[in-house]
Each structure stands twice: as C-alpha cells, then as structure tokens.
Amino acid sequence: MPALIGKRLLFAIPSLIGVVIVTFLLTRALPGDPAAYFAGPAATKEAVEQIRKKLGFDKPLIEQFFHYTNDLAHGDFGTSLTTGQPVAVELRSRLPASAELTLLGLVVSIVIAIPLGVLAATRPGSWIDHLCRVTTTAGVSLPVFFTGLGLVYVFYFRLSWSPAPLGRLDVFSTAPPTVTGFYLIDTLIARDFEAFRSALSQLILPAVTLAIFSLAPIARMTRASMLAVLASDFVRTARASGLSPGKVIVTYAFRNAMLPVITTLSMVFSFLLGANVLVEKVFAWPGIGSYAVEALIASDFAPVQGFVLTMAVMYVLLNLLIDILYGVIDPRVRLEG
C-alpha cells in the first residue's frame, strides 16, 4: 500500500504543474482589463497604465509566471484586488462552508441513492426499478438553481418551515469559535445547541438541493454495477451453493459492485465542491464557488488561480483516497500497484 500511495503521488506532480501553467495562461487570456476595471470608467489612460504597472501586468508574461510560481512556493496565492485580502486567507475561511454543504448533500444522496440502486437491481422491472429511473432522470433534468428556488418557494415562502436562505446561521445566532470550520461540529464542541439547530436548519434546503442533483449518477451507477455483478458466475455459484439471498447480495454482490460506485462518489464530490456556485448564490452561502465567480467577473486573477489550484490539489487527494479504498475493498489492487 505505501508503494501504491507513493506512485500515485509521483504521478500527481506533473498534473499539478500542468494545472499551474494552464491556469496562469487562461486567466491572462480572459477578456477585460483588470487595471481598467479597478481604475474606474472615468480614469485616464495614464491612470490605467499606472495601476497596471502597480499590479505587475506591464511585465513580460514569462516574468509574471516566475513571480507567480515563486509566490506559490512560499505558500502565497496573492492578494484579491476586489476584497484586498490574501487569497489563501479567503479560501481557508470559505472552504469549510463549501465542504460542509457538499458533504452533507453527498451523504443525503448516498443514503437515498445506494439503497435505491440496489433495490432496483435486485428487482428489475418492478415499481422500485421504475421509481429509480424516474428519480434519476428528474435529478439530472432539473437545473440545480430551479430545484433550489422551488424548495425555497415551497418550504420558506409558502409553508414557513425553513428559515430565510441567508447564509450559514440565522440573524439571531452567533458563529461558534472556529475549530474545524464546520458549524455543525464547532457548535457541538462549544455546546451551543441553539446555534447547532440554526446551522442545521440553514443547511437542510441547500443540502437537499445538492442531493437531488447528485443522487442520479450514484443511483444509476449502483444499479448498473449491481446488475453486472448479479449476472456474474461467482454469484450464480453462491446461489447454487444454497446461500441465502441476503448473504449473496450483501456479502458477495454488493462489495464487488462498490468499486465503480466509489469512483462515481469521488467524481460527484469533486464536481459538487467546485460547481455548487448556483446553490451558494440561491442560498447566500459564503463558499468558494461564489467567491471564484465574483473574482472571475471582476477579472481578479489571483482568486481564480487560487481556486483552481485548490480544486486540483483536492482532486488529487480524493483520487489518492479512492486508491486506498480500492486496496481495502479489493486486495488485488494492492498487488497490481
């Protein structure tokens, strides 16, 4: 297993270098002049050039790149021109909000999607199979912002069951002392159960919105993988040996069907973490997705580069975690590694 982890980390280094180069070049190719944006519409040409020189955009591209990589080597992601704060500080403060929302949405979708996929595979053509197909089709077809707005309209505006979609806590609660950055955990550590209730109530609708969107690929992959495993020779042999249907499904079929499902989970999580900006906008959630989009609109290079690089590192770490889980579930992966 250590050799497998070392090999995966070694292969990840060229990928991260490529991400740094591509991100740097693409941000410089974006339309719009950040110097003109921050100088304002009434600024003179001389004032724009002065700001451009101050930002370092007047230097050759290769010199800008070496300056950027030198800062990265020292852990400096630059400073946001829109907020005036270091990008690393902004990402560090916003990443737990996005991660908490994404993790809860993924957990909700797993709790629903995996049992639904297993039941659909073990009962093909039944009503549960048709329900699985309808649910997955609806989850993929409905835009995530439409689902979020619909839930807000029904549960907040019409029924008043949910609090106002205005961030991680309601206006009457205070943020707990930061330990993990996850409000659900930090409020329990602080024994502030009123703040915990507020954080959980604020999380429910955006998490359900993400869950509806993400359960479709998980349920479909679970169903397809289970169908393939249930039709394999070793499952037929287990059934012919007189084992109970429950033991065959749980002990033999489900474990072997989990490998592609785990891959799907990692892809869904990495996608949701960076692409849930619409959910963050609908629910005024202070995450990294909305932060990156606002910086992109303002042609603020440093936050965009920091966001993409953070997502790339997290994607590499997720792939490493998936490789470890593969080795735990299937020992043959350790031998191949």
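Could you list all residues from region 77-102 that are in contact with a helix residue (DSSP H, G or I) (Cβ under 7 Å, 6 or more places away or on another chain), farther than 20 Å from M267 by Cα and open to solvent by 30 Å² or more (accessible area, probe 1.4 Å)?
F77, T79, L81, T82, T83, R94
Test Q202 against the criterion of being in a helix (DSSP H, G or I), closer than 27 Å to S15 by Cβ and either within 21 Å of the chain's Cα centre (by Cα) or in contact (Cβ under 8 Å) with a residue 12 or more places away in the chain (or both), and give yes or no.
no
What are the pairs, 6+ residues apart or on separate chains, where a residue within region 227-239 that is open to solvent by 60 Å² or more (accessible area, probe 1.4 Å) has its Cβ under 8 Å from a residue that is in a helix (DSSP H, G or I) and not hydrophobic (A, V, I, L, M, F, W, C)?
Here the result reads F234/Y252; R239/P245, each pair linking region 227-239 to a residue that is in a helix (DSSP H, G or I) and not hydrophobic (A, V, I, L, M, F, W, C).
When you check I204 against the structure, is it touching a helix residue (DSSP H, G or I) at 6+ places or on another chain (Cβ under 9 Å), of a type in the set (A, V, I, L, M) and open to solvent by 70 Å² or more (accessible area, probe 1.4 Å), yes or no?
So I204 passes the test.
Mind listing just one residue for me: the one in region 244-284 that is touching a residue at least 60 places away in the same chain (Cβ under 8 Å) and among the β-branched types (V, I, T) and, of those, farthest from Q305 (Cα to Cα)?
My answer is I249.
Across region 47-61, what is the number of residues that are within 9 Å of A35 (Cβ to Cβ) and in contact (Cβ under 8 Å) with a residue 12 or more places away in the chain?
Result for region 47-61: 6.
So which residues in region 275-310 are under 16 Å from the mean Cα position of the chain (by Cα) and surrounded by fewer than 20 Cβ atoms within 10 Å (Cβ to Cβ), if there are any at all?
Selection gives A275, K281, P286, V293, V308, L309.
Out of all the residues in region 262-270, is one or more within 24 Å of A199 (Cβ to Cβ), within 17 Å of the chain's Cα centre (by Cα) and among the aliphatic types (A, V, I, L, M)?
Looking for residues that are within 24 Å of A199 (Cβ to Cβ), within 17 Å of the chain's Cα centre (by Cα) and among the aliphatic types (A, V, I, L, M), one finds at least one in region 262-270, hence yes.
The values are calculated or read from the model by the stated rules, or taken from the named source; none is laboratory data. Everything numeric here is computed off the predicted structure, so don't read it as measured data. Note: ideal-geometry Cβ built from the backbone for every residue, glycine included; neighbour counts use all protein chains shown. Note: areas computed on protein heavy atoms with side chains; ligands, DNA, RNA excluded. Shrake-Rupley method; radii C 1.70, N 1.55, O 1.52, S 1.80 Å.
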